[in-house]
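The values are calculated or read from the model by the stated rules, or taken from the named source; none is laboratory data. Note that the coordinates shown come from a computational prediction; the quantities given were computed from them, not determined experimentally. Don't worry about glycine lacking a Cβ; one is built from the backbone with ideal geometry, like all the others, and counts go over all protein chains shown.
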There are 2 protein chains.
Amino acid sequence: MSECKVETALEILTGKWKPKILFQLLNHKTMRFNELMRMIPGVTQRMLTQHLRELEEQDIVTRTVYAEVPPKVEYSISDYGSTLVPVLQTMDAWGRKHAEHIQNRDETN
Amino acid sequence: MSECKVETALEILTGKWKPKILFQLLNHKTMRFNELMRMIPGVTQRMLTQHLRELEEQDIVTRTVYAEVPPKVEYSISDYGSTLVPVLQTMDAWGRKHAEHIQNRDETN
DNA sequence: CTGTATCCCCCTTGATACTG
DNA sequence: CAGTATCAAGGGGGATACAG
């Protein structure tokens, strides 16, 4: 690391619901708004909309609106967004090890 | 990713000054409090103390106090904290590519 | 179904002064 | 030198109601 761009990645992931959104979209490939609401316990319409908009603005998520009644909107990880997958996997793997670390530390008390 | 532990890693890195602190400690191996203050423009004593304490609590950073007058305290990345390095490198690498992506996107406007 | 619009609260951060 | 104490500000997030 010659100069720190970690924060650039953090900007994308920072937001209470963003990791959860990405997790859902990675697993289901494409999802509608209500589907995301159902799969992410506790999120409100307001926050889901806001975070999806931010991810869309950052080219991570693709938003597709179908001109139908009732409205239908689908979300998915963009091609560019998929470049984040290795990052997420690395963080996820470390997070698992860290959970063990915490447990070991607390057991020896 | 079977279940999302990305947030566990995010908890460690979340905090306005934490990436900067880790970046400095990785480059200099061991640093005193004032040295960190000088190398991190804009940080206040309060925030530097607070974030260092959190990183210490999470076993990422080691704090060594020397019983001298005037006081001398040294900070460094702990052995366990060094397991974070690959994560930081992955994020940093992606951050660089993302910077290019942004630039290309804006140039074509 | 897929959102907006308001209002409110809390938590992080910052500014500043003080201390062993 | 390496902090702590106190107070204030700002923004992220939540609750609720409304709309195309």
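There is no residue in segment B:6-16 that is basic (Lys, Arg), within 13 Å of chain A (Cβ to nearest Cβ) and surrounded by 16 or more Cβ atoms within 10 Å (Cβ to Cβ).
Scanning segment A:83-94 turns up no residue that is within 13 Å of DNA strand C (Cβ to nearest atom) and closer than 29 Å to residue B:100 by Cβ. Taken as a whole, the condition of being at pLDDT 95 or above and within 13 Å of another protein chain (Cβ to nearest Cβ) does not apply to residue A:34.
Taking every residue in segment B:88-109 that is under 24 Å from residue B:22 (Cα atoms) and without any contact (Cβ under 8 Å) to a residue 12 or more places away in the chain and pairing it with any residue that is of a type outside the set (A, V, I, L, M) and part of a helix (DSSP H, G or I), at least 6 positions away or on another chain, the pairs with Cβ-Cβ distances below 6 Å are B:90/A:90; B:95/A:8; B:98/A:8. Looking for something touching a Ser or Thr at 6+ places or on another chain (Cβ under 7 Å) and in a helix (DSSP H, G or I) - is there at least one such residue anywhere in segment A:28-49? Within segment A:28-49, none of the residues are touching a Ser or Thr at 6+ places or on another chain (Cβ under 7 Å) and in a helix (DSSP H, G or I).
Results for (1) farther than 20 Å from residue B:13 by Cα; (2) loosely packed, with under 12 Cβ neighbours inside 10 Å; (3) at pLDDT 95 or above; (4) touching a helix residue (DSSP H, G or I) at 6+ places or on another chain (Cβ under 6 Å), shown as yes or no for each residue.
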| position | (1), (2), (3), (4) |
| --- | --- |
| A:47 | yes, no, yes, no |
| A:52 | yes, no, yes, no |
| A:59 | yes, no, yes, no |
| A:74 | yes, no, yes, no |
| A:79 | yes, yes, yes, no |
| A:88 | no, no, yes, yes |
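Number of residues in segment A:55-106 that are more than 11 Å from chain B (Cβ to nearest Cβ), of a type outside the set (A, V, I, L, M), within 16 Å of DNA strand D (Cβ to nearest atom) and part of a loop (DSSP other than H, G, I, E, B): the value is 3. In summary, residue B:20 fulfils each of the numbered conditions (1) within 11 Å of chain A (Cβ to nearest Cβ); (2) away from DNA strand C (no atom under 11 Å from the Cβ) with the single exception of condition (2). Among the numbered conditions (1) out of contact with any His (no Cβ under 6 Å at 6 or more places or on another chain); (2) part of a loop (DSSP other than H, G, I, E, B); (3) not hydroxyl-bearing (Ser, Thr, Tyr), the only one that residue B:15 does not meet is (1).
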